[in-house]
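Chemist: This is the structure I want to talk about, given as structure tokens.
The values are calculated or read from the model by the stated rules, or taken from the named source; none is laboratory data. Source: prediction; values computed, not measured. Here the Cβ is made from the backbone with ideal geometry for all residues, glycine too, and neighbour counts use every protein chain on show.
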Protein chains: 2
Amino acid sequence: MSKETVDILLTNGYLVTMDSQMNLYPTGSVAIKDNKIVALGTAAEIEAAYEATTFIDCQNCIISPGLINAHTHAAMNLLRGLADDLRLDVWLYGYMMPVEREFVDENFCYTGSLLACAEMIRSGVTTFCDMYYNEAEVARATVEAGLRAILGQTILIFSSPDATNYDESIEYCRRFIKEWLNHPLIIPAVAPHAPYTSTADMLQACVALAVEFDVPLHTHIAETALEQENSLNQHDSTVVPWLESHGLFKAKVIAAHCVHLEESEMRTMQQYHAGVAHCPSSNLKLASGVAPIQKMIDFGLHVGIGTDGAASNNDLDMFEETRLAAFLQKGVFHDPTLLPAKTAWSAATIEGARALHIDHLTGSLEVGKRADIAIISANNAHQWPHFARDPEAVYARLVYATKATDVRDVIVDGKVLMRQRKLLTMNEQRILQDAEKISKRIDAFLTAREGNILSKLLAITADFVPQETFEIQAKVELPQWVEISTIVETLGLQMIRPTIRDQYDTYFLFDDKEAGRLRYREDEIKNKQGELKETFYTMTLMGPAVEKDFENSIVLTRARYMATAQHSLRFYREYFRPRTEQEVVKHRQRCHIRYQETEFSLNLDKLADKVYLEIKSRTWSAKDAIHKAELISELLAKLR
Amino acid sequence: MSKETVDILLTNGYLVTMDSQMNLYPTGSVAIKDNKIVALGTAAEIEAAYEATTFIDCQNCIISPGLINAHTHAAMNLLRGLADDLRLDVWLYGYMMPVEREFVDENFCYTGSLLACAEMIRSGVTTFCDMYYNEAEVARATVEAGLRAILGQTILIFSSPDATNYDESIEYCRRFIKEWLNHPLIIPAVAPHAPYTSTADMLQACVALAVEFDVPLHTHIAETALEQENSLNQHDSTVVPWLESHGLFKAKVIAAHCVHLEESEMRTMQQYHAGVAHCPSSNLKLASGVAPIQKMIDFGLHVGIGTDGAASNNDLDMFEETRLAAFLQKGVFHDPTLLPAKTAWSAATIEGARALHIDHLTGSLEVGKRADIAIISANNAHQWPHFARDPEAVYARLVYATKATDVRDVIVDGKVLMRQRKLLTMNEQRILQDAEKISKRIDAFLTAREGNILSKLLAITADFVPQETFEIQAKVELPQWVEISTIVETLGLQMIRPTIRDQYDTYFLFDDKEAGRLRYREDEIKNKQGELKETFYTMTLMGPAVEKDFENSIVLTRARYMATAQHSLRFYREYFRPRTEQEVVKHRQRCHIRYQETEFSLNLDKLADKVYLEIKSRTWSAKDAIHKAELISELLAKLR
């Protein structure tokens, strides 16, 4: 009998099919023609029927479906290790967003994605699901690498690195979909970033686009407890019912994270066949929590596993993720039988494909499916010995004892991308060099910024304004409390814009005296009855001062910048990391007065058990400053 | 100026010293003479002063103290993947203990430890802390591999693979300590297994031995919530105060796990300078929980990181453990700033050394310390790019983005154990072969056992006894309930040993009919008022029966084994994995009667709303069985 000729024959491997019967062939073979699997089974049976132009001996290896990275932001590989161990807001608003705003362009997305593809191929990934900007560039990199991917173009209510508004993003996404639809490797997708960065209108437009082209819709859902809390406050509903009410689930949804879903939300998502991408490393590292995925699986949801971006992981190692997923269900939900190795390996392969709505193409080794395969060394010291008693022990070997670096060969769409750990489609050295060019610019940008409190503050603040250079002030201690109105009467003047407030000041002090001081001030404005009317928060940067004494008053010359404090004191503390802090709490009666055609502010402060009166003004002019200092002396004389 | 000659010069690496100032040298060198570090600093400075016989270029590498695996059972590498995803009791009593009882001997400990050493060297470990049996064999393997280790000889109240009682273990341990004391690589230790496997006397003897020779005492503390609960029930105290009351902390304690410590227990341990070995993978995999190590560190405890044994991990990868340790503190205790990378890397190195009471020898790169060093490639795709803005980013690179397989060279006590990922002291192929010989025997043993319910039951049951082969029984349905005393009166006989009980039976049925059925029975013995007097649990294996009908009765011929059920129904369910289960609940009045010199048992059963009377007996003799069947017919006739 003459043998049929195929392109590639994988032989003598331990075949883990992940098909519907979870068939295992301890000595198995796979025949590949063009981009598809045309036969598989025992080595004897396949080798008897097929011959091949390329013959890959898989002795001592496991032949498995390639891993499916169900959620990542590939290009963020360029931001790996940029900022770690920070709270989400400091990480995001302090580092990620300022750097993305400055650096994310087409070249960034192309180069970062190439770096990510190299890393993913090296760790046995054959398909990934992406969400980022300039996805056409991500597609270009992915095709060059030879990987399969679902590529979601990000859409946000606010401006993003590739669009000034969401209409532009949707238009970009439409062009992107049209360009890449029906590509053998790429499935374009619509990626509204998250419920909390969407409006109902925006979501509906995204759904319409996804439905029009029958492409997936990739989004983040319920990543943090805060997201659910805010959703309840804003919409009187948790996120899934709110998304459902705007028709989100008409599309083929791929929902990343899902850490804080209620059971009813799991049921809703299951009814609509929405897929879940579980990202355990990222959810731990950013302290979001642990998604109860065994429960989701019990509800019938398809749960895949994703690495998330390298900026919050910090690698794209699906072996790590899969092991961690299994460990976490057991340890955090108090039952070692949860997410057994077989279920975990399913999540990394066939269930991942189902979650991404592409199980007709990939995720298992079956005749007719695309040849997306990882060949994994299984006889290394750290995987030894093997026990044959339980045939399913192979899953435990894969999940609990195998490392990404044990992946020996990778095939995607019938094409060998890695052989004996050499990348065949990519020039890794060149990619590292290109990546380094971008990272060096980012490094220089941030190093400059970090070396200067002002630029560090400017990077995260929209309304920062410089104030007058000269500050003229006199400060006298009063023997006891008097009302500010009594003082102004004594001066024979009128109170202008009087206010009563409690002020809570925190000063950040730095090692470098030249850096100046930062003041975070909470102003609680009270009415006459002492009830709270309003609170506002300001951030003031005061440069080092040159001080000049006048009679009874001083003139300070220094740069001074002020802005509304949009973040919490804790945020600023973690972002600026001052050497030390000082707190000042005072009760202040404040008003303005006009004296000799000049306005001054008057502060009557009670600090602990002391009472101070301040008379102050500011100006851009040195000459004016001296004039005002003289006027302040006159005022003080009247008060004696 | 002439240069001083040393043995080894490491140059051009990124030097991460972990010394008390946490000094970093981005281009650094280390000079090694004999087994010690004699100089380190910038490459320029060191290369100007030293020349060497061996020169190791560390360009693109990080030079770090080697990792310290603070808790493992090295020889258990031979049990890797033997049984996974099981609950602790099924795993331990069903698989680990029966296999250890059967296979753990000197050769097992030597071979298993060699396999573990190979794996540990490959992942950058330079010191490990062990607890197992036959530690002299572990020592022999460790010295052959060239690693540094603290080796704790296990001491238990019950018999162990290397001793029939704890006095023997203590004697073994004393000999072991004397033999290995003052070895340059080995520090022998006393290892009472855990509080719950110790008596006060045994602990005191262990402490005395450790104090006599000034060696560490290695033990498991507070691994599970159950351990604390049982301690409270038994000793009216959590474990640490109980251990303290028996003087445990007079020794240099190394406490593994510490998952469920109360704050007061942390304080106690800190006061006694006890070290902690955190084992995050094992604690998750066996569902013990997550130890709050950031809190322990804040209390001033020294916390190292351990892999635990490969049977519950399933590898000895300290990079995985360290990353996981950092992730878990953040994710489970809701704060991403907990256990930052620098602290995590400390735990894996210098703090591990402090926890093991050997920081005078190792754990950091400092002049005078032993040369225990890992040289780690840092420019791979998965670690790229690098940012220089924050010099401490090197710790994030090590903890979050580096893999065990990035370790390029390993030096211990001044000797190169691995160079360019080749092991220089070990014949890895031969070790794998030797390990396989043992694993194949274990595999055969368990395969035979698993194929047979009886041997599977025997493996976990002490008091299992075969019962009489022949069972003679008649069963009639009664139209309504009558007291059993009335029935016995009708027969004109006396009630012997009457009891009243509720019986809850669960039958496990298997695919293989020949396997027979297993019955788990809960007997609740009641007094006449129906109050519970006593509960007992039995496990009965009933082989397939040959049934022979007699007038009104049957004789069953079958093997039948009975034992006290020492574990829970849930345990047996998970251990035997029956295809299906049947439950029978009945109220039973039971007594014995003597008729024609022969004793029978009489069971009056109420099942749902039916009433049955059974007359039964058992015998070893076929002839006797027929005789008894005839007597039962007579008894039945009297009841008509």
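Chemist: Among the residues of segment B:85-102, which ones are among the acidic types (D, E) and either more than 13 Å from every other protein chain (Cβ to nearest Cβ) or surrounded by fewer than 18 Cβ atoms within 10 Å (Cβ to Cβ) (or both)? So that I can check it myself, show each step before the final result.
Modeler: Just the residues of segment B:85-102 that are among the acidic types (D, E), to begin with: B:85, B:89, B:100, B:102.
If the condition is that a residue be among the acidic types (D, E) and either more than 13 Å from every other protein chain (Cβ to nearest Cβ) or surrounded by fewer than 18 Cβ atoms within 10 Å (Cβ to Cβ) (or both), then B:D89, B:E100, B:E102 are the ones that fit.
Chemist: Then there's this: How about segment A:91-110: which of its residues are touching a Leu at 6+ places or on another chain (Cβ under 7 Å) and modelled with pLDDT of 95 or more?
Modeler: Listed by number, the list holds a single entry, A:F108.
Chemist: Quick check on B:H587: is it buried (at least 16 other Cβ atoms within 10 Å of the Cβ) and within 42 Å of the chain's Cα centre (by Cα)? Give the derivation first.
Modeler: Working: buried (at least 16 other Cβ atoms within 10 Å of the Cβ): yes; within 42 Å of the chain's Cα centre (by Cα): yes.
Criteria met by B:H587.
Chemist: Of everything in segment A:616-640 that's within 48 Å of the chain's Cα centre (by Cα) and more than 18 Å from A:I500 (Cβ to Cβ), which residue is surrounded by the most Cβ atoms within 10 Å (Cβ to Cβ)? Please lay out each step first, then the result.
Modeler: Of segment A:616-640, the ones within 48 Å of the chain's Cα centre (by Cα) are A:616-622.
Pick out the ones that are also more than 18 Å from A:I500 (Cβ to Cβ) and you get A:617-622.
Details: A:S617: 23, A:R618: 18, A:T619: 18, A:W620: 11, A:S621: 12, A:A622: 13.
Here the residue is A:S617.
Chemist: Here is a follow-up. Can you confirm whether segment B:154-163 contains a residue that is surrounded by 24 or more Cβ atoms within 10 Å (Cβ to Cβ) and of a type in the set (A, V, I, L, M, F, W, C)?
Modeler: Yes: one or more hits.
Chemist: Which of (1) in contact (Cβ under 8 Å) with a residue 60 or more places away in the chain; (2) within 23 Å of B:L509 (Cα to Cα); (3) surrounded by 16 or more Cβ atoms within 10 Å (Cβ to Cβ) is the odd one out, the single condition B:E522 does not satisfy?
Modeler: Here B:E522 meets the rest and fails (1).
Chemist: Right, another one. Under 7 Å by Cβ, and 6 or more places apart or on different chains, what pairs join a residue from segment B:176-201 that is exposed (fewer than 15 other Cβ atoms within 10 Å of the Cβ) with one that is of a type in the set (F, W, Y) and modelled with pLDDT of 95 or more?
Modeler: These pairs meet every condition: B:L181/B:F213.
Chemist: Sticking with this one: When B:Y132 is evaluated against the numbered criteria (1) within 13 Å of chain A (Cβ to nearest Cβ); (2) within 26 Å of B:G289 (Cβ to Cβ); (3) touching a helix residue (DSSP H, G or I) at 6+ places or on another chain (Cβ under 7 Å); (4) touching a residue at least 12 places away in the same chain (Cβ under 8 Å), which criterion, by number, is the only one it fails?
Modeler: Every listed condition holds for B:Y132 apart from (1).
Chemist: Now for a different question. Assess whether B:T27 counts as being in contact with a helix residue (DSSP H, G or I) (Cβ under 7 Å, 6 or more places away or on another chain) and among the β-branched types (V, I, T).
Modeler: On the way: in contact with a helix residue (DSSP H, G or I) (Cβ under 7 Å, 6 or more places away or on another chain): yes; among the β-branched types (V, I, T): yes.
Yes.
Chemist: Does B:T154 satisfy the condition of being more than 14 Å from chain A (Cβ to nearest Cβ) and free of Cβ contacts under 8 Å to residues at least 60 places away in the same chain?
Modeler: Working: more than 14 Å from chain A (Cβ to nearest Cβ): yes; free of Cβ contacts under 8 Å to residues at least 60 places away in the same chain: yes.
Against the criterion (more than 14 Å from chain A (Cβ to nearest Cβ) and free of Cβ contacts under 8 Å to residues at least 60 places away in the same chain), B:T154 qualifies.
Chemist: Name the residues in segment B:335-350 that are more than 13 Å from chain A (Cβ to nearest Cβ) and among the β-branched types (V, I, T), would you? Step through it out loud before you land on a result.
Modeler: Residues of segment B:335-350 that are more than 13 Å from chain A (Cβ to nearest Cβ), as a first pass: B:346-350.
Across segment B:335-350, the qualifying residues are B:T349, B:I350.
Chemist: Considering only segment B:171-189, I want to know if a residue exists there that is more than 28 Å from B:K36 (Cβ to Cβ) and either in contact with a Pro (Cβ under 7 Å, 6 or more places away or on another chain) or assigned to a loop (DSSP other than H, G, I, E, B) (or both). Reasoning before the result, please.
Modeler: Step one: filter segment B:171-189 for residues more than 28 Å from B:K36 (Cβ to Cβ), giving B:171-175.
Next, from what is left, pick out any that are either in contact with a Pro (Cβ under 7 Å, 6 or more places away or on another chain) or assigned to a loop (DSSP other than H, G, I, E, B) (or both): none.
No, segment B:171-189 has no match at all.
Chemist: Another question, then. Residues of segment B:272-283 being away from every other protein chain (no Cβ under 14 Å) and touching a Phe, Trp or Tyr at 6+ places or on another chain (Cβ under 8 Å), which ones? Steps first, answer last, please.
Modeler: As a first pass, look at segment B:272-283 and keep what is away from every other protein chain (no Cβ under 14 Å): B:272-277.
Across segment B:272-283, the qualifying residues are B:Y272, B:A274.
Chemist: I would also like to ask the following. Looking at B:L9, is it assigned to a strand (DSSP E or B), outside the structural domain of B:A139 (by TED's automatic domain parsing) and in contact with a Gly (Cβ under 8 Å, 6 or more places away or on another chain)? So that I can check it myself, show each step before the final result.
Modeler: Details: assigned to a strand (DSSP E or B): yes; outside the structural domain of B:A139 (by TED's automatic domain parsing): yes; in contact with a Gly (Cβ under 8 Å, 6 or more places away or on another chain): no.
In short, no.
Chemist: Suppose we filter segment B:594-640 for residues that are part of a strand (DSSP E or B), of a type outside the set (S, T, Y) and touching a helix residue (DSSP H, G or I) at 6+ places or on another chain (Cβ under 6 Å); how many remain?
Modeler: Here the count works out to 2.
Chemist: OK, next. Small (G, A, S) and within 12 Å of chain B (Cβ to nearest Cβ): does that describe A:A515? Walk me through how you get there before you give the answer.
Modeler: Working: small (G, A, S): yes; within 12 Å of chain B (Cβ to nearest Cβ): no.
Here the answer is no, as A:A515 does not meet what is asked.
Chemist: If you check B:L261 against the conditions, is it in contact (Cβ under 8 Å) with a residue 24 or more places away in the chain, away from chain A (no Cβ under 14 Å) and among the hydrophobic types (A, V, I, L, M, F, W, C)? Outline the logic, then answer.
Modeler: Numbers: in contact (Cβ under 8 Å) with a residue 24 or more places away in the chain: yes; away from chain A (no Cβ under 14 Å): yes; among the hydrophobic types (A, V, I, L, M, F, W, C): yes.
Criteria met by B:L261.
Chemist: Restricting attention to segment A:284-323, which residues are more than 12 Å from chain B (Cβ to nearest Cβ), of a type in the set (D, E) and buried (at least 24 other Cβ atoms within 10 Å of the Cβ)? Spell out how you get there, then give the answer.
Modeler: First pass over segment A:284-323, keeping only residues more than 12 Å from chain B (Cβ to nearest Cβ): A:292-293, A:295-306, A:308-309, A:322.
Right, trim to of a type in the set (D, E) and you get A:298, A:308.
Within segment A:284-323, just A:D308 meets the criteria.
Chemist: Condition first: surrounded by fewer than 22 Cβ atoms within 10 Å (Cβ to Cβ), within 13 Å of chain B (Cβ to nearest Cβ) and in a loop (DSSP other than H, G, I, E, B). Can you find one or more residues in segment A:103-111 that meet it?
Modeler: Checking segment A:103-111: not a single residue is surrounded by fewer than 22 Cβ atoms within 10 Å (Cβ to Cβ), within 13 Å of chain B (Cβ to nearest Cβ) and in a loop (DSSP other than H, G, I, E, B).
Chemist: Would you check which residues across segment B:81-102 are of a type in the set (K, R) and not in a helix (DSSP H, G or I) and list them?
Modeler: Step one: filter segment B:81-102 for residues of a type in the set (K, R), giving B:87, B:101.
Result: B:R87, single match.
Chemist: Separate question: Collect the residues in segment B:346-377 that are closer than 28 Å to A:Q433 by Cα, surrounded by 24 or more Cβ atoms within 10 Å (Cβ to Cβ) and touching a helix residue (DSSP H, G or I) at 6+ places or on another chain (Cβ under 7 Å), keeping them in residue-number order. Before you say what the answer is, go through the steps one by one.
Modeler: Taking segment B:346-377 as the starting set, the residues that turn out to be closer than 28 Å to A:Q433 by Cα are B:374-377.
Now drop any that are not surrounded by 24 or more Cβ atoms within 10 Å (Cβ to Cβ), which leaves B:374-376.
Once the filter is applied, which keeps residues that are closer than 28 Å to A:Q433 by Cα, surrounded by 24 or more Cβ atoms within 10 Å (Cβ to Cβ) and touching a helix residue (DSSP H, G or I) at 6+ places or on another chain (Cβ under 7 Å), segment B:346-377 yields only B:I376.
Chemist: Given the options A:T343, A:T337, name the one that is crowded, with 19+ Cβ neighbours inside 10 Å and among the polar types (S, T, N, Q). Even if it seems obvious, please write down each step before you answer.
Modeler: Numbers: A:T337 fails: crowded, with 19+ Cβ neighbours inside 10 Å.
Matching residue, one of A:T343, A:T337: A:T343.
Chemist: Let me ask you something else. Could you please find all residues in segment B:140-169 being in a helix (DSSP H, G or I) and over 21 Å from the mean Cα position of the chain (by Cα)? Walk me through it before giving the result.
Modeler: Within segment B:140-169, the subset in a helix (DSSP H, G or I) is B:140-145, B:166-169.
Selection gives B:R140, B:A141, B:T142, B:V143, B:E144, B:A145, B:D167, B:E168.
Chemist: Related question: Just one of A:A459, A:A401 is buried (at least 18 other Cβ atoms within 10 Å of the Cβ) and under 26 Å from A:S113 (Cβ atoms); which is it?
Modeler: On the way: A:A401 fails: under 26 Å from A:S113 (Cβ atoms).
Within the list A:A459, A:A401, the selection yields A:A459.
Chemist: Which one is surrounded by the fewest Cβ atoms within 10 Å (Cβ to Cβ) among residues in segment A:324-334 that are on the phi < 0 side of the Ramachandran plot and without any contact (Cβ under 8 Å) to a residue 24 or more places away in the chain?
Modeler: The first filter runs over segment A:324-334 and keeps only residues on the phi < 0 side of the Ramachandran plot, leaving A:324-333.
If we keep only those that are without any contact (Cβ under 8 Å) to a residue 24 or more places away in the chain as well, we get A:327, A:330-331.
Details: A:F327: 29, A:K330: 23, A:G331: 26.
Across segment A:324-334, the extreme among qualifying residues is A:K330.
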